[in-house]
Protein chains: 2
Amino acid sequence: MAARVRKTATKLADGRDFFYFDDSEPYVSGEKTRRLDDPRPLQNRFAPVKDEDGNEKPVTGPTMRLDPLTGEWVVIATHRMNRTFLPPADANPLAPARPGAAYQDGEIPDTDYDVVVFENRFPSLMQIPGEPVEVSDLDGQSVWKVAPAAGRCEVICFGPDLNRNLVDMGPSRMRTVIEAWADRTRELERIEGIKQVFCFENHGEAIGVTLHHPHGQIYAYPYITPRTASMIRQARQYRENTGGDLFNDVLAAELRSGRRIVDESEHWVLYVPAASRWPIEMHLMPKRDVKALYELTDEEREELAHLYLRMLKAGNKFFEIEEGGQKTYLEIPYVMSWHQAPVGEERELMRLHMQLHSIQRAPGKLKYLGGSESGMGAWISDTTPEKIADRLREVYEK
Amino acid sequence: MAARVRKTATKLADGRDFFYFDDSEPYVSGEKTRRLDDPRPLQNRFAPVKDEDGNEKPVTGPTMRLDPLTGEWVVIATHRMNRTFLPPADANPLAPARPGAAYQDGEIPDTDYDVVVFENRFPSLMQIPGEPVEVSDLDGQSVWKVAPAAGRCEVICFGPDLNRNLVDMGPSRMRTVIEAWADRTRELERIEGIKQVFCFENHGEAIGVTLHHPHGQIYAYPYITPRTASMIRQARQYRENTGGDLFNDVLAAELRSGRRIVDESEHWVLYVPAASRWPIEMHLMPKRDVKALYELTDEEREELAHLYLRMLKAGNKFFEIEEGGQKTYLEIPYVMSWHQAPVGEERELMRLHMQLHSIQRAPGKLKYLGGSESGMGAWISDTTPEKIADRLREVYEK
């Protein structure tokens, strides 16, 4: 990690890992250190729980079942039903523990922070210590496989202020977020059984965000996800057919065509992919064959910080609207996905890239997934990649 | 087709195919015949169109591009942007042309109907007569393939009344709908280049339905959809590994386990699949290895009509709510998908079955697709298939 970010590791009261990523004084130099205890009366999350009759039973984690019709794992995480849902501002669990704040509900021990990462209190993926990670038959039937969903879910807070989104931050803070993503990817990949690390952000109520505080998530899956599996399969077939590298050739084709390029820097290309499927979609790919965020050089990271923010700003100027007689722009809901290579032999077939997509197809109109998309996986787009690119190039600011 | 339904084929003014499926007098006996002309001043939809300078140019159809990273076709149907969106009741284009009705906007020439099917005015898939169905390179780059989306989209109206949904109809009218699905599947499969026919219904504003009139859709794809491709791949691998038939063995396992069965009749099984991924999900599978709806026997169709309606009724009793101090139930939004075998050599690997799923996870709460689902295709379920089955069995009425 670059020297300008200081990482401090600690644990929350229930045993979850918690990391500060500091880029400001007096923390980054070490002049002042972070609070390392969490005074909340939280029980260790792996302690036995009491059932209705008062008997202790071991805590259970999420599970996953292999769907025999599609070959895809489906995670079952029932305890998430009770997760925090759009809390009022004074019960924001991602706010720093400022004097007078409702700290009992909060996850951040210190009175301020730059960027923090910690294990999700309501994880979809979790390894229970000591629980064997074994695949077994469900209901004693060999067509169904079930296993612990022994992965890990982390939350990344982009900053201490409820109303200051990633897009409003400067490149310096954005760089800290990149350092945190890179650090967590490297560490999570080292956990036994983890196949793939996924850094992402769900942004906006329209796509179901349950907490307004600017944050993203990091999932470490114990299996290769369907989309990654598709890309690996395509890349392997492409290599067999042509001897070439699929990602390299797709990027080269986008640059030769030039029709959908939104921005190009020394190390990165931002473009609308030729077969985009969402009302707004952008890919951001490094020119070098890099597998994961932590393999990026210092210079690549620095450029990324700038490009990433310009990309978000362009997205937020895509739709012009009128509000109270004034012309302004619609802040779009989006999903941002970092596609990183899986751990293991298939790693060399993938290249790191980012996908940003939005379901906003017009002001007041969302793209919904109907039968074709959600029943058959067959996408119908109402627009063309070229129209999306034209509009983005119109509003994009260097 | 059973003698109790009479099919009458006609054409709309712009050349689209239109079919009446009558099950009531005086039409079913032929005593009275259907109106066969459409007096609207609609231009033939394949006639040349004028551009901004007044020059005629040939009409173009939707296209599709092969996404090199996933191997999936993405259809681009830009003209759908202007499709009818939640019209007021007096401009309902699916209402019959009753005296005094705003007929100019309507698609149904006659003054009443039982069930009708016609080509969609805003199709996502359409073959332009004479246009060669050829795959070519996009932008001259061989990594990208583009082709006409030369399929067909039809609309099926379940009945003439705006406020009478499929669930409110009796088994006799439901049977007519089944006959119409079966008939259209058989005919659409015969069109050159069609690989797969998909009968489905999007129900409820929460999933983006743009017309309230009770209707479904039928897509004839010129390619095998991703979900079907997955099932074919799984079934082939299962056969290679075990010598068995995947669908047969999944159904047998569900019956042996019994844990998620909602209903079983002589010819059908209604169940929550062991690896369900939606807040509510049911599969309905025939016990016999049938490939498409038109292969069902008379007895199988009759049973299906009854089971289908009971299934919809159970879905609509899943969530109890209070309205004005009264206990009642929430009408759920849902997507209903008929998975039929594709045309060609892969046909024998698939079995016909229906999937009904809802994104309603609680009253007032929807399941949204976040980064894991829409970025990675990795599903996280908040509930268990067993809990869904328990609730459905509680409210299911024979």
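Between A:Ser172 and A:Arg347, 0.36 nm times their residue separation minus their Cα-Cα distance comes to what?
Details: separation 175, 0.36 × 175 = 63.00 nm, distance 3.04 nm.
Going from the current span to full extension adds 60.0 nm.
From the gyration tensor of the Cα coordinates in region A:194-353, what semi-axes in whole Å does the equivalent ellipsoid have, largest first, with each one equal to sqrt(5λ)? Walk me through the numbers before you get to the answer.
Values: eigenvalues 169, 79, 46 Å².
After scaling each eigenvalue by five and taking roots: 29, 20, 15 Å.
Sorted from closest to farthest, the other copies place their A:Lys387 label points 4.1 nm away, with each point set 7 Å from Cα along Cα→Cβ.
Taken about its Cα centre, region A:130-242 carries a charge dipole of about 480 debye when Lys and Arg each add +1 at the Cβ and Asp and Glu each add -1 at the Cβ.
Please report A:Glu322, B:Glu107 as a ranked list, fewest other C-beta atoms within 10 angstrom at the top and most at the bottom. Write down the numbers at each step before the final one.
Details: A:Glu322 9, B:Glu107 23.
So the residues, fewest neighbours to most, are A:Glu322, B:Glu107.
Ordering B:Ala220, B:Thr78, B:Ile380 by Cα displacement along the dipole of chain B toward the positive end leaves B:Ile380 in first place; charges were set at the Cβ atoms of Lys, Arg (+1) and Asp, Glu (-1). In terms of other Cβ atoms within 10 Å, A:Cys153, A:Cys199 run from fewest to most in the order A:Cys153, A:Cys199.
Grab the beta carbon distance between B:Val395 and B:Arg186, set R0 = 30 Å, and tell me the FRET efficiency rounded to 0.05. All intermediate terms of the calculation are to be shown ahead of the outcome.
Working: r = 35 Å, r/R0 = 1.17.
Taking R0 as 30 Å, the efficiency between B:Val395 and B:Arg186 is 0.30.
How large is Rg over Rh for region A:125-219, taking Rg from the Cα atoms and Rh as the Kirkwood inverse mean of 1/r across Cα pairs?
Working: Rg = 17.4 Å, Rh = 15.8 Å.
Here the Rg-to-Rh quotient is 1.10.
Fully extended, how many nm does the chain gain between A:Arg233 and A:Gln43 (0.36 nm per residue separation, minus their Cα-Cα distance)?
Numbers: separation 190, 0.36 × 190 = 68.40 nm, distance 4.44 nm.
Roughly 64.0 nm would be gained on extension.
Taking the alpha carbon gyration tensor of region A:341-398, what are the square roots of 5 times its eigenvalues, largest first, to the nearest whole Å?
Numbers: eigenvalues 152, 93, 19 Å².
Semi-axis lengths for region A:341-398 are 28, 22, 10 Å.
Assuming R0 = 45 Å, can you tell me the calculated FRET efficiency for the pair A:Asn163 and A:Leu255, based on Cβ-Cβ distance, to the nearest 0.05?
Values: r = 38 Å, r/R0 = 0.85.
Efficiency for this residue pair is about 0.70.
The value given for chain B is a Kirkwood hydrodynamic radius of 22.8 Å, derived from the mean inverse Cα-Cα separation.
Taking 0.36 nm per residue of separation and subtracting the Cα-Cα distance, what length does fully extending B:Asp112 through B:Ser24 add? Don't skip to the end; give the middle numbers.
Numbers: separation 88, 0.36 × 88 = 31.68 nm, distance 1.09 nm.
This chain segment gains 30.6 nm when fully extended.
Taken over the Cα atoms of region A:245-340, the convex hull encloses 116 Å³ per residue. A point 7 Å from Cα along Cα→Cβ stands in for A:Asp298, and the other copies hold the same point at 8.3 nm, listed in rising order. The amide H of B:Val115, built 1.01 Å from its N in the peptide plane, has B:Phe21, B:Asp23 as neighbours under 5 Å, considering only residues 5 or more places off or on other chains.
Any idea what the dipole of chain A comes to, in debye rounded to 20, about its Cα centre with Lys/Arg Cβ at +1 and Asp/Glu Cβ at -1?
Numbers: 51 positive and 63 negative charges, 116 e Å.
Dipole of chain A, to the nearest 20 debye: 560 debye.
For region A:136-151, the Karplus equation 6.51 cos²θ - 1.76 cosθ + 1.60, evaluated at θ = phi - 60°, returns couplings of 9, 7, 7, 6, x, 10, 6, 6, 10, 10, 9, 8, x, 7, 7, x Hz by residue, with Gly and Pro reported as x.
For region A:7-24, 3J(HN,Hα) computed residue by residue from phi via the Karplus equation (6.51, -1.76, 1.60; θ = phi - 60°) reads 9, 10, 9, 8, 10, 7, 4, 8, x, 6, 5, 9, 10, 8, 10, 9, 10, 10 Hz, glycine and proline entered as x. Just want the answer: with Cβ charges of +1 for Lys and Arg and -1 for Asp and Glu, which residue in B:Ala95, B:Leu293, B:Gln237 is farthest toward the dipole's positive end in the protein assembly as shown? Comparing the listed Cα positions along the dipole, B:Gln237 ranks first.
Across the identical copies, the label point of A:Glu25 (7 Å from Cα in the Cβ direction) is separated from its matches by 9.6 nm, in order from shortest.
Dividing the Cα radius of gyration of region A:218-262 by 2.2 N^0.38 Å, with N the residue count, gives 1.47. Rounded to the nearest 500, the 222 nm mean residue ellipticity of chain B from helices alone is -6500 deg cm²/dmol, with -39,500 (n - 2.57) taken per DSSP H run of at least 4 residues.
Cβ crowding within 10 Å ranks A:Glu119, A:Glu320, A:Glu295 as A:Glu320, A:Glu295, A:Glu119, fewest other Cβ atoms first. Spacing of the modelled spin labels on B:Leu36 and A:Asp53, each 7 Å from Cα toward Cβ, amounts to 7.6 nm. Measuring from each Cβ of chain B to the axis that turns chain B onto chain A, the shortest distance belongs to B:Leu369, 4 (residue, then whole Å). Between A:Gly344, B:Gln355, A:Leu138, the Cα set farthest toward the positive side of the dipole of the protein assembly as shown (charges on each charged residue's Cβ, about the Cα centre) is that of A:Gly344.
Taking the Cα centre of the protein assembly as shown as origin and assigning +1 to Lys and Arg Cβ atoms and -1 to Asp and Glu Cβ atoms, the resulting dipole is close to 180 debye. Rg and Dmax, both from the Cα atoms of region A:173-252 and both in Å, are 16.4, 47. Across q = 0.04, 0.07 Å⁻¹, the protein assembly as shown modelled as identical point scatterers on its alpha-carbon atoms has Debye log10 I(q)/I(0) values of -0.18, -0.55, in the order of the q list. Each residue of region A:360-366 was assigned a 3J(HN,Hα) from its phi angle through the Karplus expression (A = 6.51, B = -1.76, C = 1.60, θ = phi - 60°), giving 7, 9, 6, x, x, 10, 10 Hz with x at Gly and Pro.
We did not get these values from a lab; they are worked out from the coordinates using the rules stated. The structure presented is a predicted model; accordingly, all values stated were derived computationally and were not measured. All Cβ positions, even for glycine, are placed from backbone atoms using ideal geometry, and neighbour counts span all protein chains on display.
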